[in-house]
1. Report the GluC sites (Glu not before Pro) located in region 284-314 that are in a DSSP loop and have at most 16 other Cβ atoms inside 10 Å of their Cβ, or state none.
2. Points 7 angstrom from Cα along the Cβ direction at Asp346 and Ala490: gap in nanometres?
3. Show me the trypsin sites (Lys or Arg not before Pro) within region 412-441 that DSSP assigns to loop and that have at most 12 other Cβ atoms within 10 Å of their Cβ.
4. Can you give the FRET efficiency for Glu415 and Leu138, using 1/(1 + (r/R0)^6), R0 = 60 Å, r = Cβ-Cβ distance, to the nearest 0.05?
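Please treat every number below as a calculation from the coordinates, not as lab data. This is a predicted model, so every value here is computed, not measured. Virtual Cβ from ideal backbone geometry, glycine too; neighbours counted across all protein chains shown.
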Amino acid sequence: MRKATAVCKQWIITTTLLAFVMVTVVASGAEAKTAPESFADLAQKLLPSVVNISTTQTIEGRSNPEMPQLPPGSPFEDFFKEFFDRNQQNQKKRKATSLGSGFIISKDGYVVTNNHVIKDADEITVILQDDVRLKAELIGTDSKTDLAVLKIKPENDLPFVKFGKSESTSIGARVGDWVVAIGNPFGLGGTVTAGIISARGRDINAGPYDDFIQTDASINRGNSGGPMFNLEGDVIGINTAIFSPSGGSVGIGFAIPSSTAEPVIKQLIKSGQVKRGWLGVHIQTVTPEIAETLGLEEATGALVASVIKDGPAEKSGIKPGDVILTFNDKKVVEMRRLPRIVADSDVDKKADVEVWRKNKKVTLKVKIGELDDTRDLTASRSDEPGTDNNTHKVKELGLTLSAINDELKSRYKLEDEAKGVVVTAVDGEGSAAEKGVQPGDLIVEINQKEVSNPNQVVTQVKDTLSEGRKSVLLLLQGQGGLRFVAVRVAEKK
């Protein structure tokens with residue numbers, strides 16, 4: 001009897017737990033975004049706001065060779081004259097056309113598309129869903145984000161769409177969410193495809209502010225400039241590129257997120273151009289080795305390799321070797337995030353910048369400058385080879401070093417005011433070679449202490465080993481400019 005009672009109690013507990021789990025699953029499932037039985041109603045609502053864009057460009061013919069100088073009465077004179085006259089007629093200007101996609105964002109006719117769709121076009125025509133063709137005026141373009149804004153003059157108010165949240169939040173666009181792409185592939189007319197967000201934050205080397213949404217919704221040539229919608233019918237991306245060995249869709253498409261596009265579009269409509277913030281630093285990635293040498297708990301932020309003279313950073317007190325952790329209250333999770341954060345900041349406004357300096361956080365105020373398109377945003381590196389010159393070997397780093405002298409200045413084309421220690425040889429199997437250190441590089445600092453002779457480098461290496469650390473931080477001056485490199489220290493054999 002007691003055994004039966006115990007079994008009964010166990011059954012009641014188990015049943016109660018199962019019921020609780022089922023309720024929890026149902027409750028959480030109610031918040032998830034599920035796929036509709038059909039996308040037809042959504043497509044019907046959105047198609048009228050998506051347009052075809054046709055461009056015409058005049059292409060100059062190739063320049064003709066000059067007719068050779070022939071003696072008067074030469075039998076070849078008539079032959080060459082006929083040939084060159086016929087060739088001249090074949091080299092006339094011709095018109096080339098191309099097709100793309102776009103979408104209407106206001107009832108009075110503002111249209112968004114990609115910059116590459118209308119680039120160098122002499123004439124731009126917007127074709128509405130009902131085949132009405134309207135000449136378009138180019139309002140402004142931004143090559144860095146590949147965006148353009150056009151304006152058409154309709155007789156009546158136009159159907160239009162609005163931007164939604166592309167950020168990865170509970171109310172934004174998350175990996176796995178359903179999306180609908182509408183465009184004009186191959187000039188066939190409005191085409192609807194559906195898929196999910198495959199990934200976020202993709203950098204495909206298309207520009208300095210790459211932050212693409214990746215999708216498996218079919219995107220083909222001609223879809224460029226078309227919108228990517230969420231299930232509420234809001235634009236969360238602008239279809240821009242595909243990855244395809246064949247030229248057709250293979251399920252890897254990329255869209256500019258609305259969080260990037262919307263501020264740019266607003267500026268283009270307002271003034272026809274985009275103003276971006278500028279900090280005036282050359283930056284590089286904080287690797288785990290660099291983080292360890294600087295005393296950072298994790299490899300995060302952007303390492304300042306150098307500051308531009310008289311730039312906003314220099315005026316605010318930012319120094320080479322600082323790691324920028326936050327800018328304008330936004331966390332710099334990785335190096336490539338900083339240019340986007342700065343660019344989105346208001347010019348001439350002050351921003352708080354938190355940096356890591358000498359094992360502690362320091363907050364500085366910087367007045368944001370305006371970015372000039374000719375300015376570089378990231379630290380560069382030199383890959384120029386050099387020649388060997390055995391002088392002072394530092395086996396722990398795999399380097400041969402020498403103090404600066406006239407012979408080395410001439411050999412490596414160093415400036416007269418050059419400071420530091422010259423790298424004259426690099427052990428191909430050493431740790432410095434792994435980090436791209438080259439003969440001709442100058443070691444300006446080691447562990448953020450200036451050096452002028454090889455013995456100072458040796459001393460710092462010994463101190464590093466005695467403190468139980470695994471790497472030294474070198475500030476190198478190469479043909480590409482200043483850069484920091486964390487080099488592992490190997491025990492001398």
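1. Numbers: sites: Glu289, Glu292, Glu297, Glu298, Glu314; in loops: Glu297, Glu298.
Answer by residue number: Glu297, Glu298.
2. It is 5.5 nm.
3. Values: sites: Lys413, Lys419, Lys435; in loops: Lys413, Lys419, Lys435.
For trypsin sites (Lys or Arg not before Pro) across region 412-441 that sit outside H, G, I, E and B with at most 12 neighbouring Cβ atoms in 10 Å, the list reads Lys413.
4. On the way: r = 46 Å, r/R0 = 0.76.
In this case the efficiency is close to 0.85.
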